[in-house]
Amino acid sequence: MLKRGMPPVHPGEILKEMYLEPINFSITDLAENLGLARRTVSLLVNGHSGISAGMALRLSKAFNTTPELWMNMQRNYDLWFAAKEISLDKIRYIKSGKNLAA
């Protein structure tokens, strides 16, 4: 699990700062290239939506990366925030081999 210090950067911010800004590519340009609505890409870049499997495939093709890169960024981001919000204190370990249906 991720360390609980500073939160990870939203994948949309990484997309913006590491992929779009260096090549002077706008949200509109990316939306057109990906075949998506500008609003869809804007929501992602501005941290208001996450990366779906379909978006990961599109971004990996557009930037010559892997879909796993994008999915892992999103997973790490989601897990960090979930760990801050969910208490696991009352959950007991379930031993394997025990009949749970009984």
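Who wins for biggest fluctuation among Leu79, Leu88, Leu59 in a Gaussian network model of the chain, springs between alpha carbons below 10 Å?
Leu88
Expressed as an acute angle from 0 to 90° and rounded to the nearest 10, what is the orientation of the C-alpha long axis of helix 53-63 relative to the principal long axis of the chain?
The angle comes out at about 40 degrees.
Can you give me the relative contact order of the chain as a percent, contacts being Cα pairs under 8 Å and 6 or more apart?
31
Solvent-accessible area per residue for the chain at a 1.4 Å probe radius, Å²?
Dividing the accessible area of the chain by its residue count gives 74 Å².
Evaluate the Kirkwood expression for the hydrodynamic radius of the range 1-95, namely the inverse of the mean inverse distance over all pairs of different C-alpha atoms, and round to one decimal in Å.
Hydrodynamic radius (Kirkwood, Cα only) of the range 1-95 equals 14.6 Å.
Please find, in a Gaussian network model of the chain (springs between Cα atoms separated by less than 10 Å), the residue of Lys61, Lys84, Lys16 whose mean-square fluctuation is greatest.
Comparing Lys61, Lys84, Lys16 in a Gaussian network model of the chain, the most mobile one is Lys84.
On the protein heavy atoms, probe 1.4 angstrom, tell me the percent of accessible surface of the range 37-102 carried by carbon and sulfur.
Answer for the range 37-102: carbon and sulfur cover 55 percent of the accessible area.
Taking the Cα atoms only, what angle lies between the long axis of helix 67-85 and the longest principal axis of the chain, rounded to 10 degrees?
Compared with the principal axis, the helix lies near 50 degrees.
If the chain between Arg38 and Ile86 were fully stretched, how many nm would it gain, using 0.36 nm times the residue separation less the Cα-Cα distance?
13.9 nm
What is the magnitude of the charge dipole of the chain about its Cα centre, with +1 placed on the Cβ of each Lys and Arg, -1 on the Cβ of each Asp and Glu, and no other charges, expressed in debye to the nearest 20?
640
The values are calculated or read from the model by the stated rules, or taken from the named source; none is laboratory data. Small disclaimer: the values here were computed from a predicted structure and weren't measured. Every residue, glycine as well, gets a Cβ built from its backbone with ideal geometry; the counts of neighbours run over all protein chains shown. Accessible surface areas use protein heavy atoms only, side chains included; no ligands, DNA or RNA. Shrake-Rupley method; radii C 1.70, N 1.55, O 1.52, S 1.80 Å.
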